[in-house]
1. With a cut-off of at least 3 residues that are surrounded by 14 or more Cβ atoms within 10 Å (Cβ to Cβ) and within 9 Å of the ligand (Cβ to nearest atom), name the strands (runs of 3 or more DSSP E) lying wholly within segment 264-344.
2. Out of the residues in segment 228-257 that are assigned to a loop (DSSP other than H, G, I, E, B) and more than 18 Å from the chain's Cα centre (by Cα), which is nearest to A341 (Cα to Cα)?
3. Any residue at all in segment 4-11 that's modelled with pLDDT under 90, in contact with a strand residue (DSSP E or B) (Cβ under 6 Å, 6 or more places away or on another chain) and among the small types (G, A, S)?
4. If you go through segment 25-66, how many residues are of a type in the set (A, V, I, L, M), in contact with a helix residue (DSSP H, G or I) (Cβ under 6 Å, 6 or more places away or on another chain) and crowded, with 24+ Cβ neighbours inside 10 Å?
5. Return the residues of segment 200-247 that are surrounded by fewer than 17 Cβ atoms within 10 Å (Cβ to Cβ), among the β-branched types (V, I, T) and free of Cβ contacts under 8 Å to residues at least 40 places away in the same chain; say none if nothing qualifies.
6. Take segment 144-171 and flag every residue that is farther than 27 Å from E296 by Cβ and under 16 Å from the mean Cα position of the chain (by Cα).
7. Among (1) without any contact (Cβ under 8 Å) to a residue 60 or more places away in the chain; (2) part of a strand (DSSP E or B); (3) closer than 20 Å to A165 by Cβ, there is one condition S107 misses while meeting the rest; what is its number?
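The values are calculated or read from the model by the stated rules, or taken from the named source; none is laboratory data. Worth saying up front: this structure is predicted, and the values here are computed from it rather than measured. Note: ideal-geometry Cβ built from the backbone for every residue, glycine included; neighbour counts use all protein chains shown.
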Amino acid sequence: MDQRLMQGKHMEKILVLLHTEADGSLGRAARECLSLAASLGKYDLAISGADASAAANSAEGSAERILCIAADEFAVPRSSTDSAAAEMLIRTSGATLVLAPGTSRWSRALPMAAARLGGVIDTHAVGLEVVGDSIQVKRWFYRQRIEGTVARSGSPWIVVIEPGAFTATEATPRQATIETQSLELAVSPRTTVEGTISTAAGEQTIRPDAALLFVAGAGWTKKQKDGQVHFADAADRIQTFVHKSKCSLGSSKSLVDLSSEGEAVLPFLTHLHQVGQTGSTPRHRKGLATCCHGEEPHVVGWRFINERRAVNLDPNCGWARGKADVLYVADAFEVMKELNALLD
Ligand SMILES: Cc1cc2nc3c(=O)[nH]c(=O)nc-3n(C[C@H](O)[C@H](O)[C@H](O)COP(=O)(O)OP(=O)(O)OC[C@H]3O[C@@H](n4cnc5c(N)ncnc54)[C@H](O)[C@@H]3O)c2cc1C
């Protein structure tokens, strides 16, 4: 966890800006934002979305003021309603610094709100420091190679916090009883949200909130000890494990490149699953790599995976060279079959 926070006295009026999830709850990224704000001192809380005032009552910490927008049209993710809600909540709060979780919903809507407010915005924040009487934000540049520090004089300054960068506190009841102020906002969205269709891969297997990242490498498509390839078994082992463990699924570049060249090897893997230098850099507590060699351009994407394990037939693979905490020199087809049986 990249959590750097120096205590000090800052001059900002802080607002934590959240939205509820589809079930009316607050997600992990929202709770991470709340605990970050609590460590900075006083803050106000604003929530938009379905059951926003119920969510405000369940929010841990002790906000000084609570604002909500909960009308039906704000229940669904939609750029026009989300940006209008964010704009109104920020304007009403009078905040100079807004902390918001980097969910897909806020990542789309908040730049628009910042522009309308004449404010400034920084995204993917992974650290926050109080320096003197001002706040500085840390974020990575150039594909996680350079860490930079950003300070702004514009206001309001919206800082979108990278999920997983700060620790969420366990939910505790609110310390003070503060009346939630519900705001009325009339918008006539031109877009109607009719429902959700899952990705072409058939289901959502990229789960940033999961404790475990499971990575599949190209070895799943290689000839095995019987001289044959076993695509169907590979797909079954991987998908069964993902379903049972509710982990997030990642892939090496070699494997997703194969899939996109029309070979229909493992069609549930897309380039969005690719972890590495030219892929993503997810954050999870644990990672398990299977049939993946552990080459540097891949492993660099594991920078924020705390505990790393790998299964590979080759005792000299990259994982064995200081890149994993534990390497199981074994056949991943057999290991995953056994593991799936244990998960029953
Ligand atoms: C500029 C650049 C950027 C790149 N960016 C990325 C990136 O973002 N992400 C990325 O992943 N790669 C990236 N690469 C490619 C990277 O260098 C490797 O080529 C790639 O990660 C290899 O994928 P792999 O380990 O799945 O496949 P392979 O190298 O083919 O390894 C397959 C492994 O499977 C093992 N295996 C086979 N059968 C079994 C079995 N039954 N049980 C257990 N193990 C088995 C083999 O021992 C082998 O180690 C990049 C390369 C370059 C040059």
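1. Where strands (runs of 3 or more DSSP E) fall fully within segment 264-344 and carry at least 3 residues being surrounded by 14 or more Cβ atoms within 10 Å (Cβ to Cβ) and within 9 Å of the ligand (Cβ to nearest atom), they are 304-312.
2. The qualifying residue nearest to A341 (Cα to Cα) is H230.
3. Within segment 4-11 (the criterion being modelled with pLDDT under 90, in contact with a strand residue (DSSP E or B) (Cβ under 6 Å, 6 or more places away or on another chain) and among the small types (G, A, S)), the answer is yes, since at least one residue qualifies.
4. Residues meeting the conditions: 3.
5. V229
6. Matches in segment 144-171: V159, V160, I161, F166, T167, A168.
7. For S107, the failing item is (2).
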